[in-house]
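A short write-up of the structure that comes next.
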Amino acid sequence: MAVSTSFAGAKLEALLLKSSSSAATTSSRASNGSCSLSGSLRPVRSRRAVIQRGVRCEVAASDAAVQTGQSVSNISALEQLKTSAADRYTKERSSIVVIGLSIHTTPVEMREKLAIPEAEWPRAIGELCGLNHIEEAAVLSTCNRMEIYVVALSQHRGVKEVTEWMSKTSGVPVSELCQHRFLLYNKDATQHLFEVSAGLDSLVLGEGQILAQVKQVVKVGQGIVGFGRNISGLFKHAITVGKRVRTETNIAAGAVSVSSAAVELALMKLPASSHASARMLVIGAGKMGKLVIKHLVAKGCTKMVVVNRTEERVTAVREELNGVEIIYKPLTEMLTCAAEADVIFTSTASETPLFFKEDVKDLPVVGPETGGSRFFVDISVPRNVGSCVADVDGVRVYNVDDLKEVVAANKEDRHRKAVEAQEIITEESKQFEAWRDSLETVPTIKKLRAYAERIRAAELEKCLSKMGDDISKKTRRAVDDLSRGIVNKLLHGPMQHLRCDGSDSRTLSETLENMHALNRMFSLETEISVLEQKIRAKVEQTQK
């Protein structure tokens, strides 16, 4: 398909030169081994296998083709780059990409550096969409994962820009990110989010909190320009999938949450004889803290101390759980309460640790009835308990990564439930992809209307000039309305055949055939024109 001269010409010269420089830098890094390549570019058979071992820095096919072009000495490097860049934009459809780090691939020490508080999601979306090759974006940041979903104009360049942005905002070198991140595109990215929403990718299979977190992404994204049609549609569909999986399968039956797993872990480490007498302290009365309190009560705990910034939430929990002694203490008394506790659960949104080695080393030794150790169970990300606390004698520290010990049981039952849910996810993934395919006709609809409007306006001007300057406003308006009516009547049929919701594969196929036919008949060249406009807009933004 031909590329317009203006697209490959002077207006993109600055972008292409910048791309040439960054491509050279990337090539240099790859040759020095700072980021290893992803194998021999053969198709990946198992998407899950890719996530588990971590996808490293990738090389696009078009970059590999540059090596072949080096033998052509009569073509300048810049001309080759122009052709390559233009080719990529015109042949590539905008892609949904997820760049992620999860509990399956990344230790908590790195995840906490990358974590983005919910209040910062709008800012992050704005910065991501300001990158040259990113159209839409969303952030899913929880204690178990940090995932960025984007619609990228170029897969290779979009991933590079997002990875560099993540490195800049977190302080983690790109080489380290490449070792732990996973990359998924289009259908694989869609299926991954659906699995996340359904609880299949959680440390605790079927846990319900992740669905609430996916809902929160949509709630926060409403009204944000970068949270566009594709990304918002993806997350809304993921919510539907999460609800359907929990309704139609028994995946949530008996499932535990991160909070309940934390309670189970504490009880596993305590001597059985001390379960009823151990002094429990819960720091933080938010969603996670409230669940910890409920699970402690379910395990027979009748008395505990809860430290929180305000008393209102603790009072609400106390009223909900009759017959349980819940003592409120303010944050200023946290260390005093810790000195009197055997097990300390932390689940606050603090971005810095609440406990350091200096705070814990002088705490009184706990009694022998609890094994002689004070337990810190930290389910916050970033962590509330510094790693140095584990160096104190008589103290044992556990974080969210240690919960794997609790959920390792009943693997066969969990696998069977996951298979049932996977069938629903596969079906819903096909429906979403069909809906997204149906969006391909939207640019054609806009271009066809603009094409018809240009002809209408030109012919109307000719007609009015022939009628002279003395015609009345009423006559002008009547002629204008007549021309609009004729155009709308003529376009009605083609427009009807370009609209499809993607629910019927036969109708969708016919709609896409109609789109390509109209592109040829009217020389709309929709794909090139739309991408050209997007790239030009991005270039103009960066030049301002």
Work out how much length residue 187 to residue 168 would gain on full extension: take 0.36 nm times their residue separation and subtract the Cα-Cα distance, in nm to one decimal.
4.0 nm
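State which entries of 303/329; 290/404; 113/168; 113/236; 236/430 exceed 18 angstrom in Cα-Cα distance in the structure shown.
Cα-Cα > 18 Å for 290/404; 113/236; rest within.
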Using packing as a proxy for protection, rank 151-163, 459-471 so that the peptide with the highest average count of other Cβ atoms within 10 Å comes first.
151-163, 459-471
Heavy-atom accessible surface of the stretch 303-402: percent carbon and sulfur, 1.4 Å
48
Interatomic Cα distance distribution for the stretch 171-270, bins of 10 angstrom, percent:
14, 34, 33, 16, 3, 0
Could you check the spin-label model distance between residue 175 and residue 272? Points 7 Å from the Cα along Cα→Cβ, value in nm.
5.1
May I ask you to give the percent of accessible area on the stretch 109-256 that is carbon plus sulfur, with a probe radius of 1.4 Å?
50
If you stretched the chain out fully between residue 332 and residue 479, how much longer would it get, using 0.36 nm times the residue separation minus the C-alpha to C-alpha distance?
45.2 nm
Per-residue ³J(HN,Hα) for the stretch 296-304, Karplus 6.51 cos²θ - 1.76 cosθ + 1.60, θ = phi - 60°, Hz, x for Gly and Pro
5, 5, 4, 8, x, 6, 10, 8, 7
Once label points are set 7 Å from the Cα along Cα→Cβ at both residue 320 and residue 431, what is their separation, rounded to one decimal in nm?
3.1
Along the stretch 364-381, what does the Karplus equation 6.51 cos²θ - 1.76 cosθ + 1.60 (θ = phi - 60°) give for ³J(HN,Hα), rounded to whole Hz, x for Gly and Pro?
x, 5, 7, x, x, 5, 9, x, x, 10, 9, 9, 10, 10, 9, 10, 9, 9
Apply the a/c threshold of 1.5 to the C-alpha gyration tensor of the stretch 253-357 and tell me whether it is rounded, prolate or oblate.
rounded
Can you figure out the FRET efficiency of residue 120 with residue 365, using R₀ = 41 Å and their beta-carbon distance, to the nearest 0.05?
0.50
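Would you please put 424-436, 227-239 in order of how densely packed they are, using the mean number of other Cβ atoms within 10 angstrom per residue and starting with the highest?
Ranking, from highest mean packing down: 227-239, 424-436.
The values are calculated or read from the model by the stated rules, or taken from the named source; none is laboratory data. Keep in mind that what you see is a predicted model, and the values were worked out from it rather than measured. For neighbour counting, all protein chains shown are included, and Cβ atoms are generated from backbone atoms with ideal geometry for every residue, glycine included. Heavy atoms of the whole protein, side chains included, go into the accessibility calculation; ligands, DNA and RNA do not. Shrake-Rupley method; radii C 1.70, N 1.55, O 1.52, S 1.80 Å.
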